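Worksheet: the structure to be examined is printed underneath.
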Amino acid sequence: MAQRLHLLLFVHFFSKLLCFSSQQDFSFVYNGFNQGQADLNLDGAARFQNSDGLLQLTDATAQKMGHAFFNKPFDFGSVPSQSLSFSTHFVCALVPKPGADGGHGIAFVLSSSMDLTQADPTQYLGLFSISTNGSPSSQLLAIELDTVQSAEFDDIDKNHVGIDINSLHSNVSASASYYSDRKGTNKSLTLLSGAPLQVWVDYEDSLLNVTLAPLRNKKPSRPLLSRNINLTEIFPGRKAFVGFSAATGSLISYQYILGWSFSRSRVSLQSLDISKLPTVPRPKITKKTSPLLIVLLVILALVVTAVLGGVCVYRRKKYAEVKEPWEEPYGPLRYSYKSLYKATRGFNKDDRLGQGGFGEVFKGNLPLVGGIAVKRLSHDAEQGMKQFVAEVVTMGSLKHKNLVPLLGYCRRKGELLLVSKYMEGGSVDQYLFHSDKPPLSWSQRLAILRDIASALCYLHTGASHVVLHRDIKASNVMLNGDLQGFLGDFGMARFDDHGANLYTTAAVGTIGYMALELTSTGTSTGTDVYAFGAFMLEVACGRRPFDPEMPVEKRHLVKWVFECWRKGSLVDAIDTRLGSKFIPWEVEMVLKLGLLCTSIVPDSRPTMEQVVQYINMHQTLPDFSPDTPGVGVSTPVLMGVPSLGINFSSGFSSASPPSVSSSSANNSMFISHTIIYGDGR
Ligand SMILES: *[C@@H]1O[C@H](CO)[C@@H](O)[C@H](O)[C@H]1NC(C)=O
Ligand SMILES: *[C@@H]1O[C@H](CO)[C@@H](O)[C@H](O)[C@H]1NC(C)=O
Ligand SMILES: *[C@@H]1O[C@H](CO)[C@@H](O)[C@H](O)[C@H]1NC(C)=O
Ligand SMILES: *[C@@H]1O[C@H](CO)[C@@H](O)[C@H](O)[C@H]1NC(C)=O
């Protein structure tokens, strides 16, 4: 791509010009540069980049300058100063060093001397030294492309073009821009973009024009700078070397000339062949992250932190529990809400086993433990909670083969969760009243009654405290896979010390299972026996203790069974689904025992120990007849007794949330929940 200096004699076309000049025409063009370009005189950091065809003025070293001059002077000749002219067109590139701010710039220079080695780099651009700057004896004209704003020279910005006459204090300067002929507006340029840039410098009729444009653009019709300048005033010797100077300081950039054309006049200027120009190497991006990117990253980090924080807060809230110091000893029985949440797949509705006014029961699965049932009891009072939890926890220590094992608990704000073992068989009421379970045979029913009698007897007598269950009913009797009976739902029970305080005033329970004296004297072992009696009749007859949809004479199960007995056909009361597959004397024993237990005279009722004896046929039933007082009397349905919170709305009541009342001397807490008849359970 070597382009020799062309000395062209335009004898024919420019005879007039040549008439005034004895000089040879002074014109050359470089479309790229080659090593050993003998016409160019380089010094300092300037060098030919052989492989690329670039003229490199500075590399990315600090405090360097480089010069490149055409080695023959441009001789003004004897022409009058007003007819002196020249034109030049060059392409340069200022490439910032990655990660550093670029500086300082390139200048096209006309100088009386090629030796600028005594000049300074940095803001002096390799043109002047501190002593020569501003001195007319410098005999220097420069067109600077300045990428640093030097306050001492009143630079307008760090991206400007200026005309310098013997001084870096520019005679005129403007921010780098070009006139777009197509749009009719000025467009700004970034000198230090690394992209090649075209510069034209034209001098004619004492007017010096400087024009810039991006590489692919045609020369704009309007120059960026235009200034009246008397060249012969600057160069009294009427000669000047033409070339380039560039410098770095602490700010550095790679500065290149890609092509250069020079001529005495605009008309004779040979155009550069843009397609032949070398390409500018782009330094590898080991780029320092830009401030904008840092800001974006910081914002991103903040957003991520906020989101994570939000998730944390959400999770903390989601899994929040209430834990108080007094619970310390119950640690092993305490489950984390998170583990229960996970075990029940987020209390998934599909895993719901039951629902009622007290709350909901969910099926779950805990590692190592296996199937669990989690009962969520909502409560709004913290009052009495301590004792309640203590009772619940102590109940966890009750061990009987027919008690549903209570595994532990968890407390949250407004909520108590009780964890017990999952009973795969479901509750007895499902077998009695739901067609999706097979009906129980008589022997299965009797076995279940024996199981529950045994469990209840244990609660009343076997533990260190008298434990009242308080809510015996078919839906609280659970079955395992082998249809063995388990007494469950201890959340409703509470303790009484042996012998003392057996009667409490608060009444809890379920209609049809509630003894009459409940409202007056409160719960006792006797009320549990009553409820068990009702349960016995229910299991044997396959009917709820009270069924408002039945004809009046059958509505109260106790009364109906009693009537059958009085008519001498006790077994008529039995569940019709059993057909004839039962043992009549067993049925009679169970029904009579049920009637005895549901006697309205508490003292007539047997104890659970006796019940166990009777039901296992270790003892025969005491002699009693339909005429025995108190037997077969139906307990009035306690409609509209507000203190009991009984609710007769359809389905399970949500209108009566568990009411927590502290009552009696020992400030016990009861969660009274009522099951409504006709709800299909
Ligand atoms: C620019 O140059 C002209 C003539 O060369 C001179 O009169 C004028 O003072 C200069 N202006 C500045 C700002 O240097
Ligand atoms: C310089 O620019 C002016 C317009 O600003 C134009 O009239 C003049 O011809 C130009 N001279 C040269 C040498 O380009
Ligand atoms: C364009 O730039 C030139 C030179 O800097 C200036 O004289 C002219 O006013 C500008 N034109 C517009 C439209 O900005
Ligand atoms: C330019 O300067 C020289 C020397 O100072 C003078 O002789 C000449 O007349 C000037 N030319 C113009 C056009 O002002």
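Nothing in this text is a laboratory measurement; each read-out follows from the coordinates by a stated rule. No experiment lies behind these values; they were computed from the predicted model shown.
List of remarks:
- Calculated translational diffusion coefficient of the stretch 214-312 (25 °C, 0.890 mPa s; Stokes-Einstein with Kirkwood radius over alpha-carbon pairs) equals 122 µm²/s.
- Mean projection area, nm², convex hull over Cα of the stretch 367-475: 8.5
- Taking all pairs of distinct alpha-carbon atoms in the stretch 205-259, Kirkwood radius in angstrom: 14.6
- Three-way shape label, the stretch 410-465, alpha-carbon gyration tensor, a/c 1.5: oblate
- Of the cross-linked pairs LYS386/LYS413; LYS72/LYS219; LYS72/LYS276; LYS323/LYS375; LYS386/LYS473; LYS317/LYS386, those separated by over 21 Å at the C-alpha level are LYS72/LYS219; LYS72/LYS276; LYS386/LYS473; LYS317/LYS386.
- Cα-based convex hull, the stretch 296-429, per residue volume (Å³, whole number): 158
- Amide H contacts of GLY194: LEU94, each under 5 Å away and 5 or more positions distant or on a separate chain (H built 1.01 Å from N in the peptide plane; Pro and chain starts excluded).
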